[in-house]
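For reference, the structure discussed in these notes is given below.
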Amino acid sequence: MLLTSATGGLGHAIARALHRRGAKLVLTGRKVAELEALTAETGARAIVADLADPDDLHRLAGEAGEVDVLVANAALPANGELLDFTAEQVRRALAVNLDAPIALTHALLPAMLDRGRGHVVLMGSLAGKVTSAHASLYNATKFGLRGFGLALRQDLTGTGVGVSVVQPGFVRDAGMFAETGQKPPSGLRTVSPGQVAADVLDAVERDRGEVDVAPVELRVASTLGSAFPGFAAALQRRLATEDVMGRMSAANRAKR
């Protein structure tokens, strides 16, 4: 199993859950010291790579070897108004959040199909179903990732290779939202990194197509918001979500 961004956000929780399940892991990330510590803990093999660099991406796909399961977990926050980003920051967000998962899937899929088995997990977000203020670029990458994953799943029907899109809502203790120190909008509950990791495992083992990792009220709101964008925008204004997203954008500026 190849897990990207093993040292960032939810990566630790996912890596440990996969290890406990008996997976033979290949972990990748940019933080060398953290990657080495996590590989020592899980018995994994480490490959240091920057997914925004096409050469590193190509090297990673080659060095990973025979991969049965890809968990494409890497993503940059990419929160903020579009014109606050430089052209290079826009390129990097698109490269890490959307281009890299597609490129790795493209590189690893032929061997999975030859073996007649395999699975691709794309770590999305409820931001791939519902738009928010201060998130146009992030929304674009997660909407794109969701569309890619669900369409590819249709293409692969009957091949033995599955595709899952796992979409967390607000996650406490780890991940982009937790790292900003912000609280979710009033009335919205969070999920734990362990819940996200458990749903990643469940998605692979049960071949689930789309998994929303969120409390029931947020799952319902995201489903309605996906179908009725005007309703979603009005609800977010009522819950002061724009203020939360604005503070998150400011907190994540250095990670672009």
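Derivation of every value follows stated rules applied to the coordinates shown; laboratory data play no part. Please read these numbers as outputs of a predicted model, since none were measured by experiment. A quick note on method: Cβ atoms are made from the backbone with ideal geometry, for glycine too, and the neighbour counts reach across all protein chains shown.
Taking only Cα atoms and a 10 Å spring cutoff, compute GNM fluctuations for the chain and point out the largest among Gly22, Gly147, Gly160.
Of Gly22, Gly147, Gly160, the Gaussian network model singles out Gly22 as fluctuating most.
What percent of all Cα-Cα pairs in region 82-144 falls in each 5 Å bin, counting up from 0?
Going from the shortest bin to the longest, the percentages are 4, 16, 22, 19, 15, 11, 7, 4, 2, 0.
Note the angle between two axes, namely the Cα long axis of helix 136-155 and the longest principal axis of the Cα atoms of the chain, as a number of degrees from 0 to 90, rounded to the nearest 10.
Tilt relative to the chain: about 50 degrees.
Bin all alpha-carbon pair distances of region 35-170 at 5 Å intervals from 0 and give each bin's fraction as a whole percent.
Percent of Cα pairs in each bin: 2, 10, 18, 20, 19, 16, 10, 4, 1, 0.
Can you give me the relative contact order of region 1-98 as a percent, contacts being Cα pairs under 8 Å and 6 or more apart?
This gives 29 percent for region 1-98.
Output needed for the chain: three equivalent-ellipsoid semi-axes, defined as square roots of 5 times the C-alpha gyration tensor eigenvalues, in descending order, whole Å.
Each semi-axis is √(5λ); the values are 28, 20, 18 Å.
Evaluate the distance, in nm, between pseudo-label points positioned 7 Å from the Cα of Val32 and of Leu83 along their respective Cα→Cβ axes.
Modelled inter-label distance: 4.1 nm.
Give me the aspartates and glutamates in straight-line cross-link reach of Lys255: C-alpha distance below 15 Å, same-chain residues under 8 apart excluded.
The reachable aspartates and glutamates, counting only those whose Cα sits under 15 Å from Lys255, are Asp50, Glu81, Asp84, Glu88, Glu179.
Which residue, Gly65, Gly128, Gly169, tops the fluctuation ranking in a GNM of the chain built on C-alpha contacts under 10 Å?
Gly65
Which FRET efficiency, nearest 0.05, do Glu205 and His106 yield, Cβ-Cβ r, R0 22 Å?
Rounded to the nearest 0.05, the efficiency is 0.35.
What number, in percent, do you get for the relative contact order of the chain if the mean sequence gap of Cα pairs under 8 Å and at least 6 apart is divided by its residue count?
Answer for the chain is 20 percent.
Tell me which of Leu18, Gly147, Ala127 sits at the most positive position along the dipole axis of the chain, charges placed on C-beta atoms (Lys, Arg +1; Asp, Glu -1).
In the chain, that residue is Ala127.
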